[in-house]
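Working notes, beginning with the structure itself.
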């Protein structure tokens, strides 16, 4: 979540929410994610506990507004789900080897490789997680939203959630919309997890119709919302990016094992592995993927294909 950018909050009754309050809680939550406890625990459990204590001290008025905190924590789960590419923020561990700068789909390896991958490599794949994050892009003929805001957050009230039909529940897992960096006339809607998988099975017309209903529910009281002129999709994307699940701290070498090349019986280099999931400290990012490609290119260029490099030569 970018800090210092302008956000606007809408609630499911169509009213404006408190953006300053929401962003204060969001900033605190992400700061806590970067200050993990000594003992690993599910991220959602940890952040919820810290947020509730922070809200009690910094925003005592929320002690009697349990509906807001319930809505916010539900929304924060969706934000973290997209940020971490997970179905639920309790799937993510507080302990990670990721370092800030300033993939293979697990079920596919058995059919992709013949002979099969070594057991060590398979265990590495099985012990990492990769989720599904959907970006649904609607293109409009003209900009109708506030131009001083780049992100719109959708907070559902409990009483409104209860009225949503079962077949439309996935729309409640869209945490908001943002302005596209590629085209200022596009709105990008975000969702992740099982709901994202469901969206990918629906027709474009259904997805577009339901998202327009979502927009009008949250934003139509103060905006005239036209129909979009197009919806953008990319059928060639598979998965999103890897994350450290609650079991990853028990397997600290899992990414190194995934990155390890495979040699044949004569010691010749046969197969190399790159991608963000093989990066020990920059996984889930584009720069992590680029760094891994350079790592393997360097490995290839310094190999004479007649011997197995020693650890010192790696």
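Summary of computed values
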{"read-out": "Two-site label geometry, residue 49 and residue 64: point separation in nm, points 7 Å out along Cα→Cβ", "value": "2.9"}
{"read-out": "Share of pairwise Cα separations in the range 16-91, more than 17 Å, in percent", "value": "42"}
{"read-out": "Approximate spin-label separation residue 264-residue 286, in nm, with each point projected 7 Å along Cα-to-Cβ", "value": "3.8"}
{"read-out": "Estimated 222 nm signal from helices in the chain, with DSSP H stretches of n ≥ 4 weighted -39500 (n - 2.57), rounded to 500", "value": "-10500 deg cm²/dmol"}
{"read-out": "Overall dimensions of the chain as given by Cα atoms, namely Rg and Dmax in Å", "value": "22.2, 71"}
{"read-out": "C-alpha center-to-center spacing [the range 239-285, the range 204-219] in angstrom", "value": "39"}
{"read-out": "Förster radius 51 Å - calculated FRET efficiency between residue 227 and residue 57 (Cβ-Cβ, nearest 0.05)", "value": "0.65"}
{"read-out": "Contact order normalised by residue count of the range 16-91, Cα under 8 Å, 6+ apart, percent", "value": "31"}
{"read-out": "FRET efficiency estimate (nearest 0.05) - Cβ-Cβ, residue 38 to residue 113, R0 41 angstrom", "value": "0.55"}
{"read-out": "Distance from the range 64-93 to the range 162-187 (C-alpha centre basis), Å", "value": "16"}
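No lab work stands behind these numbers, since they all come straight from the coordinates. Please read all numbers here as calculations on a predicted model, not as lab measurements. Neighbour counts run over all protein chains shown; Cβ positions are idealised from the backbone, glycine included.
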